1. Tally time: how many residues in the range 54-73 are free of Cβ contacts under 8 Å to residues at least 40 places away in the same chain and either surrounded by 12 or more Cβ atoms within 10 Å (Cβ to Cβ) or in contact with a helix residue (DSSP H, G or I) (Cβ under 6 Å, 6 or more places away or on another chain) (or both)?
2. I'd like to check which helices (runs of 4 or more DSSP H) are fully inside the range 93-161 and have at least 1 residues that are touching a residue at least 40 places away in the same chain (Cβ under 8 Å) and surrounded by 12 or more Cβ atoms within 10 Å (Cβ to Cβ).
3. When you go through 36, 41 one by one, which is the residue that is under 23 Å from residue 129 (Cβ atoms), at pLDDT below 95 and not in a helix (DSSP H, G or I)?
4. Please specify each residue of the range 74-92 satisfying the condition of being farther than 23 Å from residue 43 by Cα and without any contact (Cβ under 8 Å) to a residue 24 or more places away in the chain.
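The values are calculated or read from the model by the stated rules, or taken from the named source; none is laboratory data. All of these numbers come straight from a predicted model, not from anything done at the bench. Neighbour counts are summed over all protein chains in view; Cβ atoms, including those assigned to glycine, are modelled from backbone coordinates with ideal geometry.
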């Protein structure tokens, strides 16, 4: 009798799953985990998005693409490195203000002889939202600040080295 109840429950569950509305099935589509860095998850969709962006950038520059597996591995390593560096930056209190990001956007637009509005349009044309672009730009600024902070703490020229450099 117990076996019959269990079998009935399993069949009912299976029937509900098979006959579920499309919206229910779609909501159960869960993104895979590509890697875990500290307590941060890199999803398969994040990896694929960065992989596609790397492919597009290589094609735009007429570069020869490595195999997809090799490129995927390189992109994943890059994402992992960035997440580790961002964790170090966070612990060190390194931040990028909104003014830093807006200044960088203005500089990028000027370097490419674009208005900020045209830059925004070109970014969104690539399939990346401008909010995502700003987020990634903010991360780049933070990593640059972190690198400068690390270098500044390690480079301490003596007075005689400065005098010698000034004489040259």
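1. From the range 54-73, those free of Cβ contacts under 8 Å to residues at least 40 places away in the same chain are 54-55, 57-73; that's our starting set.
Remaining after also requiring either surrounded by 12 or more Cβ atoms within 10 Å (Cβ to Cβ) or in contact with a helix residue (DSSP H, G or I) (Cβ under 6 Å, 6 or more places away or on another chain) (or both): 54-55, 58, 65-66, 71-73.
Result for the range 54-73: 8.
2. It comes to 98-111, 130-154.
3. Only one candidate qualifies: 41.
4. Result: 91, single match.
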